[in-house]
Structures are given as structure tokens and as C-alpha cells.
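Contents: one structure, followed by commentary.
The values are calculated or read from the model by the stated rules, or taken from the named source; none is laboratory data. These numbers were taken from a predicted model, which means no experiment stands behind them. Here the Cβ positions follow ideal geometry from the backbone for every residue, glycine too, while neighbour counts run over all protein chains shown. Areas reflect the complete protein model, heavy atoms only, side chains present, ligands, DNA and RNA absent. Shrake-Rupley method; radii C 1.70, N 1.55, O 1.52, S 1.80 Å.
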Amino acid sequence: MKLLLLSLIPVFLLLSPPYFQGKKTASTSLFFTNTIPYPEEMLLGIIFFLLLAAFLTYFYIAIYKHKVANKHIINSLDSPVYLINNQGIIIRLLNTPAKELNIQGNKDIKNTDIRTLIIHEKEYDECITALQKVLKNGQPENLKLEIRKIDGEEIKISARLVYYNKKYALAYVRNLSDLERAQMRSEQSRFFLESILDNLPIATMVKDIKDHGKYIVWNKKAGEIVNVDPQKIIGKYEKDFPARSEFIRQTEQNVIQTGKPYSFIHTVKNSNGQEVVLSIHKALVSYNNGQERWLVSSSIDITEIERQREQIERMNREYQFVIKAIGLIPWTWDLKKEKIVCNREYFTPKSKAATGIIFETSKDFFSQVLPEHRERIRKAFDDLANDRIPTLDEEYQILYQGDDQPSWAETFAIVSKRDENGKPAKFVGATRLIDERKKMEEELLSAKKKAEEANHLKSAFLANMSHEIRTPLNAIVGFSSLLANSVESEENREYINIIESNNELLLHLINDILDISKIESGTLEFFYGNMDVNGSLNELCSSAQLRSGKEVKIYLEPALPECLIYTEKNRLLQVLGNYLSNALKYTSQGSIAIGYYPPQGDKLRFFVRDTGCGIPPEYTDKIFGRFVKVDSFKQGSGLGLAICAMIAEKMEGKVGVVSQVGKGSEFWFEIPYRPVDTLAFYAPDKPTANENKPPFPSGNKSKLLIAEDNPSNYKLFETILRKEYLLYHAWNGEEAVQLFRKYSPDLILMDIKMPGMDGYQATAEIRKISSRVPIVAITAFACETDKEHIRHNGFTDYLPKPLNALSLKNKIQEVLEKYPNRRS
Ligand code: ADP
């Protein structure tokens, strides 16, 4: 507008001729003096005015253009520019700032005092001072302020105050919070990238190709691998590390030249001199059309993996060797495809089918298994496939394709892979041919059989021998006891006593040998039944009391008032009897207790405790071994305790000893405790017909039939019994049956071992004729089992050889009284 007015001045001058034509005005014009000019002068004046007008027009146009340009610039800024007066009042906003930089929002900021915007009083003061400075000396001022926008948001701003005119300044405002945020974001992303790089298990290095291979990235892992602090490398150049491998240098050159990435495995040494195996990848990265180029190297430390790989390879080689050495064929079986893959080259030198890797279907495999094994093997694999068994181990015969002979094979298998439902999908296994082993097994079996037969023969021989020894011993023992009664002289009686005691020793020894041989050959029989423990121990105790001297007191120590059990009574008593005999042998004064402890759970422990010489500690562990004796000069074979231990084992029990030298010993025998109900134990047997029969008439001499093949033994019977009984002698079984028919004896004494028909057969024959006549077996088999055996074969009772006159007479008396109705 101003420019328009100015341009009108010359026009106005031209359009005012009266004024310029000879009239001198009293007024003073802006450009002229108040003299009236001449026409030439007037022309000059006009020209002058015209020039001046042109100049001014040009000048104002230039200023106008400049102002318009400024306005455009200000408008193009997205940060606000305010016009502020010297009092700090915002006159107006000169442009349209971006939304987030807009302080006033939709409100008009006109006439707003900056005091209302600036949060801190101090900053406001600084701002006013700066404003006045700018207006005074025209120099711009920069400030940082914290303001509260109209919408309440507090932000940091930077304000640049620029001189506008004497009264006003321009304030160019930038949101510092945004800047700071942007800066933070860039710092964050830098930190983020650095953290990623430092936390990568991959060593990463970046070199700036354009800057002579300057290292710009060298992450933590890269530092660890070569054992150097990354900060000592970043910023350095390739030339600072002359020890670099020529191979690496060459590789990098190739990658840079060709631009193609390259991967390789390379071993380097770290600063400690340790070798590190690296899997390295190098690639060229470029930017800005190749103006900037970097070489990126990434390396993974595979030292451990390499070590494990080598180890696995070595183990594989070893396993293959072992597999080959023990003749195993490894195979896999895919259950879905029904395919078996195995390498038969491994093991079957004899098999024509051994032609390397063989693929076959499971159907082929089963068809080759011999029919007698097929179903079992098929079931075993089926069980494995259905998780009914964890592993398979089967032996079978198979006729491999191409072979003319079937082979024995042993196969092991497990499930090696399962499907998504957890069902077996693959088996892995191994098979080996075991023809050799099978042959050996057969040989061993036949050798075992032979050994068992030999052992049997040995036992039979021993049993026979002991019988053969007992038979003459019978006569010796019997006659020597008779002699003892008939001999008058003291000296001779002493001799006979010596003979008698040696007889006993001999008998004991024979019994021990017999027992051992029977246990070893497994022919010692065990008959379980009910037992009244207190009653049996009482009998054992009483018989021991008869044998002991006055200095040793023998007593019973039962733990329960009644103890009824199910056990092998005879063997139990045999063990306790042996303990008791030993206790008597090794105790010269004091006492011997026999008894048992209260049952502990399912265990019942018997003991024989003495106050004898005791056993040294070094012997207690081995005393139950064969032939072990503390004092080898003492009588005894050293077999008794060994027999006890063997019996205990057979009865699922245990034996042991606690002993102190000079104080005594306690030998114990623990057996499974199987209590028996009292009612069941004492349930009465059915009364027999005999019970109502009249007693045996004592006036008549009873008739005894004696079946005995040995003349001296018969002689002994005769000597003992002839005064009281009527005797009939049979030399063998047949004769015994005949004489029984002929004389109907009241009792038969039957030797077991006789030529021709033996005692068992003869008894069987007699039992066909009479079920009641008492038949007492007389035998050299001294074991309790023989007694049972005899009872089961029709005999009424039993009397062991060698015979003792008193016990023979007592037994006959007892049996005759018990079976009075003997002749029917
Ligand atoms: P033996 O027939 O010699 O007695 P045993 O096997 O019965 O054979 O006993 C082996 C050894 O154990 C005996 O020689 C003896 O030294 C020792 N022994 C056994 N019982 C006792 C005991 N009650 N007191 C001391 N020593 C004993």
C-alpha cells in the first residue's frame, strides 16, 4: 500500500501545472525551493521527478519482494514464529506451525503474556532480559525454556529472539522435547544394536573398506574368541595387526573383489596360544551405490562341537569295530513302511546272504524264521511295537535267503523312534549268529548231564558204601555192647568201652559224609509238617541231659508257652542236635541252654548257648565252612556245622554264631516263621478199629519174623531176642513173604537191603495179605528222610542200624503193645 502511494507522487506533480507555472508558493515543498522556475528549469525538474519516481518505485518493489519472500519462508517453517513486543506480549503468530508444536491450540494467542506460558520465574526473567538486549543492539539471542502449553502439556523449547524493529522482536520456537526424544530414540537404537551384537554368540566384525580396513564393529564374542578387549581394536586398522593369517587376508581380498560371500572353517590361536576352531562367513555390504563399503565377518566358535564331532567319530569307529568283533548285525526297522535295513556284511562269514546292505520287508524276515519259532518271534516284535515289553531279546532259527543251512540267531531290539501319538515308529536292533554258542551250550548241557549222572553215581556209591560199612559195624557195635555186659574183667570192659566210643565216632563220621553227599547231589529230602517246638526241644534237652556230666546244667529256654509251627522238623532238630552235641563237647562246666527267641516278623530264631571254651574271633566267620576246626587235635570231622549251614540254606534260613573265648558261644539258626493254629494242630485223628481190641496177651511168647541177609547180624538178633520171643529167620524178601504166610508172626523185623526181593518189595507183598501186621524196618540208612520214606512204604516203624540191645527190645515191646490185633 505504501509503495502504491509513493508511486503516485510524480503523477501528482505532473498533474499540477498551475502550481509549477510561475507561481511562487509560500509553502515549502518536499523536493523544491519556493522560487518560480524557468521553463528549462521546469523541464529539468520534471525529468528529475520522473527519475526519482522511477527509483523509488523500483526501491519499494524490491522491498516488497523481500518482505513477501520472508513471509513465505516464515510460513514454510513448521515451528512457530511469534511477533513479541518489548514487554513480552505475543502480538501474533506469524505462521501455521505443526500441530504438536502449536502452543495455543485452537485459541488465539494474540496479546498473550509470555509470563503465563513460561513455567519458571527465573527463565521468564532471562527471557525478558534477552528480549530487551535484542531490541537494543539488534543481535539475536538463544534461550532454553520450559513452558506449559495451553492444553496443559509441559514441554521444553528453544527460542531464538531476532530483532524486528525497535519495538518488536521475532521469536522462533522449537520443541526441544521432540528433539531430545528423537535423540534418545537414536541413542536407544544404537544401544539396542550394540547390545544385540554384544549378546550374539556369533563373533561379528565389520571393517570399513573405504577407510583402509578400519575396524568399526568388533563385538564382545569376537573379543572373547581372540581374548582381546574389543575397545582396543575398534578404530584400529588392518595394518595395526600384521600377524593376520595370509589365508584370511587372501579370502577377504577375494570377497571384496568379487562381492561374493564366502564361508569356511579356520583354526586360529587366541592370545593365550590356545587353538580355536571357527566357522567363518565373510560378506561385503555396500551402500549408496557402492560409495560406502564394509566387510562383515561373522564367526562361530565350533571348537567344542569339533571336539565332540571327533569324539563321536572315534566312538563310531570303536563301536563299529566292537560290533564287528562280537559279530553283531545292526539294523533298523521302519514300522510304517514295514522295511528292514541291515548290513549283513558285518557278521555272517558263512552266510551266502552276507552281501552288504540288505533291504527287506518284515514279511520277508518272518518267512525266513523257521516255522517252529515264527509265532513266538512275531509275538515278541508285536509286544515291542505295542509297548508291552521295553526290550526284545530272542533266540530263534532262521534260514537266510541263499543259505542251505538254517542258522541260530539272537536278536536284541528297542524302540528308537515314536510317531506324533507316541506310538513306536521305528526299531533299532542287532542280530548275531549264535551257532557256535548253541553248539557249546549243547556240549555243556551234555557235560552237565554227565557230571550230574556221575554225581548221582557218587552219591549212590556213598550211600551204598555207608550201608556196606554200617552192616559189619552193626554187628561190631551190637556185639561189643553185649560183650560189655558179659565181660567180668575191669581191663577188658575198658577196652570194650574204647571200642564202643570209637564205634560211635565212626558212625557219626559216616552219617556226616552221607548227609553232605546227599545234600550235594540234591537227594536229601525235606518233609514239611507241623511241629510242637516246645515238646521237641524238651525231648532234645532230656536226651542231652542223659549224656552230660554233673558239672554242666542243661536247660530249656522257650520264649512262648506254646509254639506250633509248620517246618521241616527233622532237619531243624538235626541242626539243633548238632549244636547241642558240640556244646556238650566244648563245655566242661557251667550250663547249656537250648531255646528260641520270640518270633520277629516272619523269622523264628533258635539257639544253643553254652558257657564253654568259646571260639576265637578270627574263626567265627569261617566256622561254618567244611573241615574247619579250631583245635585240630579235638575229635570231629569239621563237617557238622557245614551240614547245618547247607540245611539252613535249603530251608531258606540262616545260621550264625556269637562267641567269646573263655566265656562261651551262642549258635543260632533262623528259619521262616509259619505258625500253626492250635485247634488244627491238636485235631483228633479218626479212631481206628484196633482201639477197641483186647490187649496183647502177655502169657504167650510172641512170634517174630526176622528178615536179614547177613548171618552175623542175624546172630545178633538171635542173641538179644531168643529168650523172650519165638524167632523165624528169612534170608531174603521172598522167604520173608513165604514165612509170613506160613507162621503169621506177630511182628516182622525187616532188613531193607537184601539180595533179590528187598525189604520194600517184601513189605509190599505182605501188605497185600495183611494190612495190620506191624513191620519194623531195620536199615543202615540212618537219615530221617529214610524214616519218612519207610513210613510211606507200608512199614509200621523204623529202627536204625547199628542195633542197640535195649532200644531193639523197647521198640519191639512198644510196637506189639500198640498193635495188639497184629495177626489179622
Ligand atoms: P566237629 O565235628 O569237629 O565238631 P563241627 O563242624 O561241628 O565239626 O565244628 C567245627 C568246629 O567248630 C569244632 O571243631 C570246634 O572247634 C568249633 N565249635 C563248634 N561248636 C563249638 C562250641 N559250642 N564251642 C566251641 N567251639 C565249637
Result of the Cβ filter at 7 Å on region 141-155, keeping first residues that are on the phi > 0 side of the Ramachandran plot and partners that are of a type in the set (Gly, Ala, Ser), at least 6 apart or interchain, is none
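Met651: under 27 Å from His508 (Cβ atoms), modelled with pLDDT under 95 and away from the ligand (no atom under 13 Å from the Cβ), yes or no?
Judged against the criteria, Met651 is a match.
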Filter region 563-580 down to residues that are open to solvent by 10 Å² or more (accessible area, probe 1.4 Å) and within 14 Å of Ile643 (Cα to Cα) and give me whichever is modelled with the lowest pLDDT. Asn570
Search region 537-555 for residues that are of a type in the set (Lys, Arg) and pair each with any residue that is open to solvent by less than 100 Å² (accessible area, probe 1.4 Å) and at pLDDT 85 or above when their beta-carbon atoms are under 8 Å apart and the residues are at least 6 apart or on different chains. Arg547/Leu584; Lys553/Gly590; Lys553/Ser591; Lys553/Ile592
Where residues in region 93-132 are open to solvent by 40 Å² or more (accessible area, probe 1.4 Å) and in contact with a Lys or Arg (Cβ under 7 Å, 6 or more places away or on another chain), which of them is modelled with the lowest pLDDT? Lys110
Go through the residues of region 194-213 one by one and say whether even a single one is of a type in the set (S, T, N, Q), touching a residue at least 12 places away in the same chain (Cβ under 8 Å) and more than 30 Å from Lys133 (Cα to Cα). yes
Does any residue of region 179-201 turn out to be outside any helix (DSSP H, G or I) and either among the polar types (S, T, N, Q) or open to solvent by less than 100 Å² (accessible area, probe 1.4 Å) (or both)? yes
So Leu505 fits all but one of (1) under 29 Å from Gln589 (Cα atoms); (2) away from the ligand (no atom under 16 Å from the Cβ); (3) part of a helix (DSSP H, G or I); what number is the exception? (2)
Using beta carbons and a limit of 7 Å, which pairs, at least six apart or on different chains, have the first residue in region 626-647 and within 19 Å of Leu506 (Cβ to Cβ) and modelled with pLDDT under 85 and the second one near the ligand (Cβ under 6 Å from one of its atoms) and not hydrophobic (A, V, I, L, M, F, W, C)? Gly636/Lys629
Residue list for region 307-334, filter: touching a residue at least 40 places away in the same chain (Cβ under 8 Å), surrounded by 12 or more Cβ atoms within 10 Å (Cβ to Cβ) and not in a strand (DSSP E or B): Ile323, Gly327
For region 581-606, give me each residue that is over 20 Å from Ala645 (Cα atoms) and either within 12 Å of the ligand (Cβ to nearest atom) or touching a Phe, Trp or Tyr at 6+ places or on another chain (Cβ under 9 Å) (or both). Thr587, Ser588, Gly590, Ser591, Ile592, Ala593, Pro599, Gln600, Gly601
Check region 607-618 and report whether any residue there is more than 10 Å from the ligand (Cβ to nearest atom), open to solvent by less than 10 Å² (accessible area, probe 1.4 Å), assigned to a strand (DSSP E or B) and in contact with a strand residue (DSSP E or B) (Cβ under 8 Å, 6 or more places away or on another chain). yes
